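Peer 1: The structure is given below, and queries will be raised subsequently.
Just so you know, all these numbers are worked out from the coordinates, no wet-lab data involved. This is a predicted model, so every value here is computed, not measured. Here the Cβ positions follow ideal geometry from the backbone for every residue, glycine too, while neighbour counts run over all protein chains shown.
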Amino acid sequence: MIGFERSPGLAELARDNAACEVIEGDFESYDFSSALVDAIMLVGALVHVPHQRFSNVFQNITSAISDNGSVLITLKQGSGDRTDSDGRVFYLWDDQKTREVFDTLGFKVCDFSTSVSKTGSGDVWMSYVLDKILK
């Protein structure tokens, strides 16, 4: 298992507690193609990526996935974007459009579920398990 974190402080915290290697980097500039993994978990990891950059970021990350690989990804349900009280921008997704993006990028949805955030915010998280479509 390998972790990935942009924030130096959170990367250090992860290294101290996760018992695995943690790479410090940015999803948009790190070259994931040099790795080969069977699965990628993107739980809440891409909620701050603008819609117009999402496909490029997702392709960059998933370039590390093996031919039989899978992806678990969670995104917030809704439309457009929302800024929270801390000034963080969250990009929201419609299920049908999200499925179209995954299909275009060469992934099929194998499982889907939704859950309401445990934080009391009322946010709905969409969870997808994706398999890479072999060409």
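Peer 1: Looking at segment 3-24 only, could you name the residues that are among the aliphatic types (A, V, I, L, M) and either surrounded by fewer than 12 Cβ atoms within 10 Å (Cβ to Cβ) or part of a loop (DSSP other than H, G, I, E, B) (or both)?
Peer 2: Going through segment 3-24, the residues among the aliphatic types (A, V, I, L, M) turn out to be 10-11, 13-14, 18-19, 22-23.
Scanning segment 3-24 gives Ala18, Ala19.
Peer 1: Sticking with this structure for a sec: Could you run through segment 25-67 and say how many residues are part of a helix (DSSP H, G or I) and either touching a residue at least 40 places away in the same chain (Cβ under 8 Å) or acidic (Asp, Glu) (or both)? Working first, answer last.
Peer 2: So in segment 25-67, the residues part of a helix (DSSP H, G or I) come out as 32-34, 51-62.
Now drop any that are not either touching a residue at least 40 places away in the same chain (Cβ under 8 Å) or acidic (Asp, Glu) (or both), which leaves 51, 54-55, 58-59, 62.
Result for segment 25-67: 6.
Peer 1: Name the strands (runs of 3 or more DSSP E) wholly within segment 68-127 that hold at least 1 residues that are out of contact with any Asp or Glu (no Cβ under 9 Å at 6 or more places or on another chain) and surrounded by fewer than 13 Cβ atoms within 10 Å (Cβ to Cβ)? If you could, list the steps in order and put the result at the bottom.
Peer 2: Values: elements: 81-83, 89-93, 107-116.
Ranges flagged: 81-83, 107-116.
Peer 1: Taking only pairs six or more apart or across chains, which ones have beta-carbon atoms under 8 Å, a first residue in segment 68-92 that is under 29 Å from Ile133 (Cα atoms) and touching a residue at least 12 places away in the same chain (Cβ under 8 Å), and a second residue that is part of a strand (DSSP E or B) and among the small types (Gly, Ala, Ser)?
Peer 2: Note: pairs meeting the criteria are Gly69/Ala39; Ser70/Ala39; Val71/Ala39; Leu72/Ala39; Leu72/Ser127; Ile73/Ser127; Thr74/Ser127.
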